[in-house]
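Shown next, in structure tokens, is the structure this report addresses.
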Amino acid sequence: EMQLVESGGGLVQPGGSLRLSCAASGFTFSNYVMNWVRQAPGKGIEWVSNINSDGSRFSNSDSVKGRFTISRDNAKNTVYLQMNSLQPEDTAVYYCAKGSLSYLGYLEVWGQGTLVTVSS
């Protein structure tokens with residue numbers, strides 16, 4: 001079974017930093033685009049960032065404003081999201097998601113999510 005398990009969330013004060021991790025199993029990790037998406041309380045799903053097999057990256061500039069950096073370690077089957085200068089509006093459940101080789105933008109496997117709460 002393909003599986004993604006997020007970790008690293010928690011409570012942090014405004015201006016703080018967190019690094020989220022997502023451990024993948026059950027597929028050839030290095031072949032796939034990996035994504036981070038999030039869902040804030042009472043809001044819809046928002047795409048945050050992704051990283052391709054070759055290390056190229058895209059991010060949602062409007063939402064993360066250059067504060068977040070995605071990376072991957074193919075030897076460890078793990079994708080990361082470094083989050084700096086966190087603000088209350090970043091409070092959300094953060095999900096790791098596996099892309100598709102056949103359908104652009106289709107996120108075919110999701111993790112269970114990890115909650116990030118930014119508050120004083």
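Before we move on, is Ser71 open to solvent by less than 70 Å² (accessible area, probe 1.4 Å), in a helix (DSSP H, G or I) and closer than 14 Å to Trp36 by Cβ?
Answer is no for this residue.
Can you find a residue that is in a strand (DSSP E or B) and under 17 Å from Thr114 (Cβ atoms) anywhere in the range 50-59?
no
Counting only residues that are touching a Gly at 6+ places or on another chain (Cβ under 8 Å) and assigned to a strand (DSSP E or B), which one in the range 19-35 is farthest from Ser119 (Cα to Cα)?
Met34
Please give the number of the condition Gly16 fails out of (1) open to solvent by less than 30 Å² (accessible area, probe 1.4 Å); (2) part of a strand (DSSP E or B).
If we test Gly16 against (1) open to solvent by less than 30 Å² (accessible area, probe 1.4 Å); (2) part of a strand (DSSP E or B), just (2) comes out false.
Results for (1) aliphatic (A, V, I, L, M); (2) within 21 Å of Met2 (Cβ to Cβ); (3) modelled with pLDDT of 95 or more, shown as yes or no for each residue.
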position	(1), (2), (3)
Val64	yes, no, no
Asp73	no, yes, yes
Pro88	no, no, yes
Cys96	no, yes, yes
Gly99	no, yes, yes
Leu107	yes, yes, yes
Leu115	yes, no, yes
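Out of everything in the range 74-104 that is in a strand (DSSP E or B) and of a type in the set (S, T, N, Q), what residue ends up being nearest to the chain's Cα centre (by Cα)?
Gln82
Which members of the range 36-46 meet the condition of being open to solvent by 10 Å² or more (accessible area, probe 1.4 Å) and either touching a Gly at 6+ places or on another chain (Cβ under 7 Å) or within 18 Å of Gly8 (Cβ to Cβ) (or both)?
Arg38, Gln39, Ala40
Sort out which residues of the range 79-108 are touching a Phe, Trp or Tyr at 6+ places or on another chain (Cβ under 8 Å) and not basic (Lys, Arg), and write them in order of number.
Val79, Leu81, Gln82, Met83, Asn84, Tyr94, Tyr95, Cys96, Ala97, Gly99, Ser100, Leu101
Of Ser100, Ser56, which residue is farther than 22 Å from Gly9 by Cβ, surrounded by fewer than 20 Cβ atoms within 10 Å (Cβ to Cβ) and touching an Asp or Glu at 6+ places or on another chain (Cβ under 9 Å)?
Selected residue: Ser100, the only one of Ser100, Ser56 that is farther than 22 Å from Gly9 by Cβ, surrounded by fewer than 20 Cβ atoms within 10 Å (Cβ to Cβ) and touching an Asp or Glu at 6+ places or on another chain (Cβ under 9 Å).
The values are calculated or read from the model by the stated rules, or taken from the named source; none is laboratory data. Model, not experiment: these values are computed from the prediction. When we count neighbours, we look across all protein chains shown, and the Cβ atoms used for this are built from the backbone with ideal geometry, even at glycine. For the accessible areas, the whole protein counts, side chains as well, though only heavy atoms, and no ligand, DNA or RNA atoms are used. Shrake-Rupley method; radii C 1.70, N 1.55, O 1.52, S 1.80 Å.
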